[in-house]
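Trainee: A single structure is presented below for examination.
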Amino acid sequence: MRVIQETFVQARYENSDEFHEVKSVRDSLFAFLNRPESLSAISLANTPGTSSAEIQATFLEHARSLGFRSEAKGLFADYATSGLRPDYFKPLGDTGILIEVERGKTTINNMDFLDLWKCHVCPVADYLFLMVPQALVQNSTMRPRNEYATVVKRMGTFFVDGNYTNERALTVFGY
């Protein structure tokens, strides 16, 4: 199964140089995720009982080569919320990109909304790459949940004119 993606962008940023740079990073990550060896590693990591850390490990070296740093600390120092940090962060001029990787609790515990909120309150990131399973299977008796489609539908509402947050763009990757 190939990795898929859907990108949402606020209209005023669609043609900006900043967003073109974000698209370049997105496209590189997307191409890496769809290499045969990456797809194989993701398939092995995306099994019942595994964590998002195992998914992260499949692309960590490539993310680092793109300028992301793992679990950047200090991005939320101005907030009383302790322990708040992204999975990965890449500075980009006056802004940046967060990567958040979810697996088992994507919509069950509304982790997709938490990730959107994290980007919303992050003073140095206006772009979010959210990685979620296309179909979530928690155990052998569970019917697959279509997490990717659910997340795309939920997140798309924040990119309708009048519903904007301060996220300039969001890409949902379905692995």
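The values are calculated or read from the model by the stated rules, or taken from the named source; none is laboratory data. Nothing here was measured: the structure is a model prediction, and the numbers come from that model. Heads up, the Cβs are rebuilt from the backbone with ideal geometry, glycines too, and the neighbour counts pull from every protein chain shown. Surface areas here come from the heavy atoms of the whole protein model, side chains and all, with no ligands, DNA or RNA. Shrake-Rupley method; radii C 1.70, N 1.55, O 1.52, S 1.80 Å.
Trainee: Rolling a 1.4 Å sphere over the protein heavy atoms, what is the accessible area per residue of the chain, to the nearest Å²?
Mentor: 49
Trainee: Cα atoms only: what Rg and Dmax, in Å, come out for segment 1-95?
Mentor: Gyration radius and largest Cα-Cα distance of segment 1-95: 15.4, 43 Å.
Trainee: Moving on to the next point. What nm distance separates the two modelled labels at LYS23 and ALA149, each placed 7 Å from Cα along Cα→Cβ?
Mentor: 2.8
Trainee: Return the carbon/sulfur percentage of the accessible area of the chain, one whole number, probe 1.4 Å, all protein chains in place.
Mentor: Here it works out to 50 percent.
Trainee: If contacts are Cα pairs under 8 angstrom and at least 6 residues apart, what is the relative contact order of segment 1-132 in percent?
Mentor: 19
Trainee: Just for the chain, what percent of DSSP beta bridges are antiparallel, to the closest 5?
Mentor: 55
Trainee: For n ≥ 4 DSSP H runs only, could you compute -39500 (n - 2.57) per run for the chain, divide by its residues and tell me the 222 nm figure to the nearest 500?
Mentor: After summing the helix terms and dividing by the residues of the chain, the value is -10000 deg cm²/dmol.
Trainee: Here's another thing I want to ask about it. Between ASN34 and LYS73, what is 0.36 nm times their sequence separation minus the Cα-Cα distance? Round to one decimal in nm.
Mentor: Using 0.36 nm per residue and subtracting the Cα-Cα distance, I get 11.1 nm.
Trainee: Quick one, which of (i) 113; (ii) 195; (iii) 171 is the actual volume of the Cα convex hull per residue in Å³ calculated for this model?
Mentor: (i)
Trainee: Sticking with this one: Counting other C-beta atoms within 10 Å, and keeping those with at most 16, which DSSP coil trypsin sites (Lys or Arg not before Pro) do you find in segment 98-175?
Mentor: In loop regions of segment 98-175 (DSSP not H, G, I, E or B), the sparsely surrounded trypsin sites (Lys or Arg not before Pro) are LYS105.
Trainee: Roughly how many nanometres apart are two label points built 7 Å out from the Cα toward the Cβ at LEU44 and MET1?
Mentor: Placing both labels 7 Å beyond Cα along the Cβ direction yields 1.9 nm.
Trainee: Further question on the same structure: Within 10 Å of each candidate Cβ there may be at most 13 other Cβ atoms; applying that plus a DSSP loop requirement, which GluC sites (Glu not before Pro) in segment 1-92 survive?
Mentor: Taking segment 1-92 and a limit of 13 other Cβ atoms within 10 Å, the loop GluC sites (Glu not before Pro) found are GLU14, GLU71.
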